[in-house]
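Here's the structure, in structure tokens; my notes come after.
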Amino acid sequence: MTPPALPAEYLVRFTDTRHGRIRSRLLGRRQDAPPVVAVMGMAVSSYQLPALAALSWTRAHLVDLPGLAGSDDTPHRLDVAGHAEAVCDWLDAADLPPVILTGHSSGTQVAARAALARPDRVAAVVLAAPTVDPKARSVPRALYYWRRDLRIPTPGLNRTHRPEWRRAGLRQIVRLVRALLRDRLEDVVPNLACPVLVLRGEQDELCTARWARRLAELADDGRMVDMPGPHTFLWLDPEAWSEPIRELADAGAGR
């Protein structure tokens, strides 16, 4: 098994927000379909590039959160709501047609809160491998299930993560984990005014099928689709999520 290839080309942009300057990367060509805006995962971002490149039917933007990956440091500590504010600022500055806002893992919590705050800018939300499942809402439990998920080989993933982990630093990662554990995605999803697509890897140890189904059921217009692979299914099969998201777009998101 070989790791997916990172895109050879993409456009890098920087946007000023109330929490500092944040980096985004743009892939694909302008199409009639709604653009996709992806929120980075837990202190890591670049691993999503192959999966976003697979969305060749639209343009895709990958947004780094303040103080992480390619974005500038922020002068103060941010929780999930603060990161969502930065995404909202980015959406306002980008002034795109209503987007499909995606998050993977911890990015689902930020994406959902941003969608709640900017319903006019978000046509639909994709929660890929959502967190935090109630079974893992303590640091020891989250670490336990994360390690169980690592039993499935993901060649090249840690090598992609390593520079971004160093950028974040252990202290900031621990603070982020604690903030994420306090956040309740199930309190946000019922209030979303747009369709919600929940994607879960069939071998995901961090997100149970029960949790994923519950989130889909909490949404006014929600559905769940199983993906092959573990929590990081996007890395092992970058093409996997393209068709469900395209179906979401074709069903009327952003039209």
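The numbers here are math on the coordinates, done by the rules we state, and not lab data. Given the structure is predicted, the values throughout are model-derived calculations rather than measurements. Here the Cβ positions follow ideal geometry from the backbone for every residue, glycine too, while neighbour counts run over all protein chains shown.
Judged by the ratio a/c of the largest to the smallest principal axis of the C-alpha gyration tensor, the range 1-42 counts as oblate, that ratio being 1.5 or greater while a/b is no larger than b/c.
If amide hydrogens are placed 1.01 Å from N in the peptide plane, which non-local residues have theirs closer than 5 Å to the one on residue 126? Residues meeting the criterion, in which the H sits 1.01 Å from N, are 101, 102, 103, 197. A prolate overall shape is assigned to the range 1-84, the ratio a/c of its alpha-carbon gyration tensor axes (a ≥ b ≥ c) being 1.5 or greater and a/b exceeding b/c. A Cα-only calculation for the range 174-215 places Rg and Dmax at 12.1, 32 Å. Computed over the range 42-131, the range of Cα coordinates on each principal axis works out to 38, 29, 25 Å, biggest value leading.
Estimated from helices alone, the mean residue ellipticity of the chain at 222 nm is -10500 deg cm²/dmol (sum of -39500 (n - 2.57) over DSSP H runs with n ≥ 4, per residue). Across the range 113-128, coupling constants 3J(HN,Hα) worked out from phi with the 6.51/-1.76/1.60 Karplus curve, θ = phi - 60°, read 5, 5, 5, 5, 7, 10, x, 6, 9, 10, 8, 6, 10, 10, 9, 9 Hz, and Gly and Pro carry x. Normalised by 2.2 N^0.38 Å, with N the number of residues, the alpha-carbon radius of gyration of the range 144-204 equals 1.46. Simple point charges give the picture: +1 on the Cβ of Lys and Arg, -1 on the Cβ of Asp and Glu, and for the range 141-255 a dipole about the Cα centre of about 960 debye.
Working note: Karplus 6.51/-1.76/1.60 with θ = phi - 60° gives the range 236-243 the couplings 6, 9, x, 7, 4, 8, 4, 5 Hz, where Gly and Pro are set to x. One quarter of the convex hull surface built on the alpha carbon atoms of the chain amounts to 11.7 nm², the projected area averaged over directions.
Mean projection of the Cα convex hull over all viewing directions, computed for the range 108-178: 6.4 nm². A simple charge model with +1 on the Cβ of Lys and Arg, -1 on the Cβ of Asp and Glu and nothing else charged puts the dipole of the range 11-250 at about 1000 debye relative to its Cα centre. If you run the Gaussian network model on the chain, springs between alpha carbon atoms under 10 Å, then out of 98, 195, 140 the most flexible one is 140. Amide H contacts of residue 59: 31, 36, each under 5 Å away and 5 or more positions distant or on a separate chain (H built 1.01 Å from N in the peptide plane; Pro and chain starts excluded). Distance distribution P(r), the range 117-227, all Cα-Cα pairs, bin width 10 angstrom from 0: 13, 37, 36, 14, 0 percent.
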